[in-house]
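A short worksheet on the structure shown next.
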Amino acid sequence: MGAAFLFGTTFVVVKDAVEKAGPVPFLAVRFLIGAAVAWAFAVRRPAAEPRLGAVRAGILCGAVLCAGYIFQTVGLQYVSSSVSAFITYLLVLIVPLLSAVVLKRPPTAPTIAGIVLAAVGLYLLNGAHPSLAKGELLTLGCAFCFAVHIVLLAEFAPRHDSMRLNAVQLTAVGAICLVPGLFTGGYDFPASVWLAAVYTGVAASAVAFGLMVWAQRRVSPSRTALLLMLEPVFAAIAGAIAGDQLGVLGATGAALILVGILFAELRRPPVVTIPDHA
């Protein structure tokens, strides 16, 4: 939930930033800043497993994450922040399918019911009139990549130190974008874009992804996707503060998302946690 809050606050910030800078160079700077913060904590922790395994897992997660963010950031040039959040979180419908097929972990009945309620709420949150133009299609690609990323973390997070895994995946995203960024706008950012890169790099990349990697040692992929549905709620609230009108439909949709999450979580037995590497 903490990760969802931090992610949700970035939609308006990123949309403003990519109006003044290229999406790929912005991603390079944002994720390299996040990686530097993550490594500052990761190197202080003793390795509890072979480091090469964490590096391989982190690079794979980072590559998928990078593709998702490129789709999302480029798509934000054509759609509003609230629509981007809506389409991104169609991943709540994709993750259970991938989890059941790839990991053989079908969601529980309460989780399925919660997903259905949240999906209806997401539809209303967007004003009940989605479309499929260029920006929407790009953001659909983002939703699929983020769904794959959640499933990969469900597989890798229990095996590796969470801080080190997060640091590697953030480094991979920044490194992949670094050279292409030179040819897609460069790094001569105005001060406001640098501030946006620092905020998103620290809050959304280092901290939020760190929370997400740690949590997925304990939370199933389908539950993760459902809990992250709080992100578009927070994004809509942030958009409303910035001047977007949420309206009655939007408020109803946000309420349904919360009901769906509560329904799935309140009917659940206690969770046995996996100790983190320390």
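The values are calculated or read from the model by the stated rules, or taken from the named source; none is laboratory data. Note that the structure is predicted; figures quoted are calculated from it, not measured. We place every Cβ from the backbone using ideal geometry, glycine too, and count neighbours over all the protein chains shown. Just so you know, the surface numbers come from the protein's heavy atoms only, side chains and all, with ligands and any DNA or RNA stripped out. Shrake-Rupley method; radii C 1.70, N 1.55, O 1.52, S 1.80 Å.
On the stretch given as the range 213-240, residues that are touching a residue at least 60 places away in the same chain (Cβ under 8 Å), outside any helix (DSSP H, G or I) and out of contact with any Ser or Thr (no Cβ under 9 Å at 6 or more places or on another chain) total 2. Could we say that residue 128 is modelled with pLDDT under 90 and either more than 20 Å from residue 61 (Cβ to Cβ) or open to solvent by 40 Å² or more (accessible area, probe 1.4 Å) (or both) here? So residue 128 passes the test.
Assess whether residue 138 counts as being free of Cβ contacts under 8 Å to residues at least 40 places away in the same chain, on the phi < 0 side of the Ramachandran plot, assigned to a helix (DSSP H, G or I) and surrounded by fewer than 24 Cβ atoms within 10 Å (Cβ to Cβ). Considered against the rule, which asks whether it is free of Cβ contacts under 8 Å to residues at least 40 places away in the same chain, on the phi < 0 side of the Ramachandran plot, assigned to a helix (DSSP H, G or I) and surrounded by fewer than 24 Cβ atoms within 10 Å (Cβ to Cβ), residue 138 comes out as no.
Against the conditions (1) open to solvent by 40 Å² or more (accessible area, probe 1.4 Å); (2) over 15 Å from the mean Cα position of the chain (by Cα); (3) modelled with pLDDT of 90 or more, residue 25 satisfies every one except (1). Here residue 177 meets the list (1) open to solvent by 60 Å² or more (accessible area, probe 1.4 Å); (2) over 14 Å from the mean Cα position of the chain (by Cα) almost entirely, failing just condition (1). When 60, 6 are checked against the criterion of being over 18 Å from residue 197 (Cα atoms) and within 17 Å of the chain's Cα centre (by Cα), 60 stands alone in meeting it. Taking every residue in the range 184-211 that is closer than 14 Å to residue 17 by Cβ and pairing it with any residue that is among the aromatic types (Phe, Trp, Tyr) and buried (at least 18 other Cβ atoms within 10 Å of the Cβ), at least 6 positions away or on another chain, the pairs with Cβ-Cβ distances below 8 Å are 189/26; 193/26; 196/26; 197/26; 197/189; 201/31; 204/7; 205/31. Could you go through the range 82-101 and let me know if any residue there is at pLDDT 85 or above, crowded, with 23+ Cβ neighbours inside 10 Å and farther than 21 Å from residue 213 by Cβ. Among the residues of the range 82-101, not one is at pLDDT 85 or above, crowded, with 23+ Cβ neighbours inside 10 Å and farther than 21 Å from residue 213 by Cβ, which makes the answer no. Just one residue in the set 56, 30, 44 is charged (D, E, K, R) and closer than 15 Å to residue 205 by Cβ; that residue is 30.
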